[in-house]
Amino acid sequence: MKVYDGSTTESLDTTAPERVKVGIAEYQVTADDAVLTTSGLGSCLGVAIHDPDATVAGLVHVMLPSRDEMEGKNEAKFADSGIRELVAEMERSGADRGSMTAKIAGGSDMLDFSQNGSGIGVRNVEVGRRVLSEFDIPLDGEDVGGEHGRSLRFEATTGDLIVKSANRDPITL
């Protein structure tokens, strides 16, 4: 973006990375210097995958653990199928699975009323870890669990995942 500052006849180059919002049950892949963001992660899980060699990055915001447990055509809604779809799209964009690393955040138990077994947040994290392991994608960082919501900012060029939560300083994974 070029901005004229009024002091000269030349414009100033204030190029900033494009910000791409990832909604609930959505994913985005970028092969440029975009910043992928998502918010509203309670029991939902954000999975950020980065291939530094190909400079390809992707982020998926999943709601539920497994597609097998529910009806639904939206692959990105579920941790298992959402991660698989994200990895496939990254590979179509030039990424190599052997160079990919992942970071995850979310999976809290804010509003989970499960009577038996693990809550949705815990199960989202378990399935996310399992699918990444099946793909041999190392998990380089995580901020999961607890009873607080999160917002994410994923820097495609560096692979940094900035996690923001109420009542606590942002952390960088």
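Each value in this text was obtained by applying a stated rule to the coordinates, not by laboratory testing. Just so you know, these numbers come straight off a predicted model, no measurement behind them. In this analysis, Cβ positions are derived from the backbone assuming ideal geometry, glycine residues included, and neighbour counts consider all displayed protein chains.
Figure the gain on full extension for Glu126 and Ala88 (residue separation times 0.36 nm, minus the Cα-Cα span) and round it to one decimal in nm.
11.6 nm
Fully extended, how many nm does the chain gain between Ala54 and Ile24 (0.36 nm per residue separation, minus their Cα-Cα distance)?
Stretched fully, the Ala54-Ile24 segment lengthens by 8.2 nm.
Run the Debye formula on the Cα coordinates of segment 29-173, all scatterers equal and no solvent, and tell me log10 I(q)/I(0) at q = 0.16 1/Å.
-0.77
I want to check the label-to-label distance for Asp68 and Asp96. Put each point 7 Å from Cα in the C-beta direction and report it in nm to one decimal.
Between Asp68 and Asp96, the simple spin-label model gives 3.2 nm.
Fully extended, how many nm does the chain gain between Asp160 and Asp32 (0.36 nm per residue separation, minus their Cα-Cα distance)?
Length gained, Asp160 through Asp32: 44.6 nm.
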